[in-house]
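Bear in mind that the values in this text are calculations on the coordinates, not laboratory data. In this text the structure is predicted, and so the values were computed from the model without any measurement. Reconstructed Cβ throughout: ideal geometry from the backbone, glycine too, with neighbour counts over all protein chains shown.
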Amino acid sequence: MALGKREELEMRPVLLRVLTDMFIAQPSHSRDEIKQFEAILLGLVGHADQQTRDMIAAKLARFGATPPSVVERLIADGGTAAAEFLAHSSLVGHERLVAAARDCDESLAIAIARRPDLDDELARILAARPEIAVARALMENFAAPVGEDVAASLIERGRVDAELGAALCKRVDDAAQLSPLFLRASPRLRADIILAARRADFVIKTRQPRGAGEALIAGELERAAMDGDTPLFTAILARGLGATLNLAHEIVDDAHGEPLALSMAALRVSADAVARIMMLVPAPAIAHSAARVRALTQLSIDVAPGAARAIVAAMAGTPKLLQRPETAPVADMTASPTPSRPATTAREIAPPPRKLVLLRRHA
């Protein structure tokens with residue numbers, strides 16, 4: 001205490017560090033020792049530099065006997081010192097954490113998201129914050145409880161952020177929900193996503209023939225590939241899928257090739273054309289591997305266009321954009337040939353007679 005009252009300011013940071021080391025060296029302290037430590041530290045900390053405050057905060061945040069007044073003083077300083085307590089200290093109450101999670105700046109919210117004792121309330125508050133870095137820290141904290149609704153609320157953001165998407169792929173168990181994150185998924189998880197999409201598409205019993213527009217797109221894609229014009233190929237792919245050019249670039253540049261194979265399936269490109277495209281457009285690791293080209297070509301054959309469109313549309317963030325109608329337009333033969341004139345009364349068509357089926361119970 002005598003040293004703490006001396007005027008040599010250069011001694012105070014050193015004294016503060018030594019005092020902190022002495023305090024945490026003992027697992028328990030008497031009430032008088034805690035009061036004495038509290039009085040000296042609060043008198044010195046205001047004269048310490050930021051580096052010293054951060055250093056002692058990192059030690060005291062992990063020590064269970066740190067006085068509450070010291071905790072509040074170092075949190076009030078903000079910065080790294082506050083982050084240490086918000087991330088690690090068991091002495092910060094739940095109400096304080098909730099208030100901080102709602103209103104603190106991004107760096108402190110990231111610190112809270114990394115706590116090992118997060119509950120559902122804190123996870124929901126943090127997931128609702130707009131900063132993408134907070135969402136990443138939350139998803140990368142495997143001790144944090146992440147319910148289905150919280151994960152679902154972050155999937156759309158993970159679609160456009162590779163790090164968040166990769167973290168979500170490790171946290172979400174339902175492959176059917178992960179179609180928007182197909183580009184972020186591992187090859188094994190991609191297989192699960194494709195399987196889920198194929199199961200969902202299985203209910204469609206009829207397969208529509210390839211339309212003229214799809215045939216035109218397929219031809220343009222093959223010609224661009226044969227000409228070695230990857231930028232043109234990418235632009236045509238974006239137009240055919242109704243996706244952004246950035247997404248088309250990601251599909252073409254993917255290191256494994258499944259997104260491109262699904263795109264070819266969605267556009268109903270023939271197997272022969274897919275094989276030629278796979279040998280010319282992707283990275284050499286794919287294009288120069290006969291086994292990989294065969295596997296991707298087979299994938300484009302095995303996945304029905306409806307399932308492929310569903311996955312590509314989810315990756316694009318437009319789940320309804322690429323969905324083809326299940327019913328074809330039918331011409332109304334009773335309509336007026338001139339729209340400006342009222343149509344003649346349509347001839348009423350009697351419904352087909354119903355047959356009465358009697359079910360007999362056998363004894």
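Hey, what did segment 3-173 get for relative contact order, percent, Cα under 8 Å, at least 6 apart? Could the numbers behind the result be given before it?
On the way: 202 pairs, mean separation 23.3, N = 171.
About 14 percent, as a whole number.
Residue-wise HN-Hα couplings along segment 287-304, as the Karplus relation 6.51 cos²θ - 1.76 cosθ + 1.60 with θ = phi - 60° gives them from phi, are 4, 8, 10, 4, 5, 5, 4, 4, 5, 5, 5, 5, 4, 5, 7, 6, 8, 5 Hz; Gly and Pro carry x. The shape of segment 240-305 comes out oblate: with a ≥ b ≥ c from the C-alpha gyration tensor, a/c is at least 1.5 while a/b does not beat b/c.
First measure r as the distance between the Cβ atoms of Ala200 and Met279, then evaluate 1/(1 + (r/R0)^6) with R0 = 30 Å and state the FRET efficiency to the nearest 0.05. Using R0 = 30 Å, I get an efficiency of 0.45. Full extension of the chain between Ser270 and Asp117 yields a length gain of 49.7 nm, computed as 0.36 nm times the residue separation minus the alpha carbon distance. Given R0 = 35 Å, the distance between the Cβ atoms of Arg239 and Ala295 translates into a calculated FRET efficiency of 0.85. Determine the shape class of segment 3-173: with a ≥ b ≥ c the square roots of the Cα gyration tensor eigenvalues, call it rounded for a/c under 1.5, and otherwise prolate if a/b is greater than b/c, oblate otherwise. Because a/c hits 1.5 or more and a/b exceeds b/c, segment 3-173 counts as prolate.
Computing FRET efficiency as 1/(1 + (r/R0)^6) for Ser107 and Asp229, where r is the C-beta to C-beta distance and R0 is 56 Å, gives about 0.75.
Expressed as a rounded percentage, what relative contact order does segment 59-118 have, with Cα pairs under 8 Å and six or more residues apart? This gives 33 percent for segment 59-118. Sorting the segments 260-268, 127-135 by their mean number of nearby beta carbons within 10 angstrom, highest to lowest, gives 260-268, 127-135. When you count the other C-beta atoms within 10 angstrom of each residue and take the mean per peptide, 91-103, 62-74 line up highest first as 62-74, 91-103. Of the options Leu247, Thr234, Ala291, report the single residue whose Cα projects farthest towards the positive end of the charge dipole of segment 212-316 (beta-carbon charges: Lys, Arg +1; Asp, Glu -1). Going by the charge dipole, the pick is Ala291. 3J(HN,Hα) along segment 176-188, derived from phi through the Karplus expression 6.51 cos²θ - 1.76 cosθ + 1.60 where θ = phi - 60°, amounts to 5, 7, 9, 4, x, 9, 4, 5, 8, 8, 6, x, 5 Hz, with x in place of Gly and Pro. Each residue, Glu140 and Ser28, gets one label point 7 Å from its Cα in the Cβ direction; the gap between the two is 3.9 nm.
Taking every alpha-carbon pair under 8 Å whose residues sit at least 6 apart, segment 212-316 reaches a relative contact order of 29 percent. Per-peptide packing, taken as the mean over residues of other Cβ atoms within 10 Å, places 173-181, 235-243 in the sequence 235-243, 173-181 from highest down.
Quick check: residue separation of Ala215 and Glu148 times 0.36 nm, minus the Cα distance between them. What number comes out in nm?
20.1 nm
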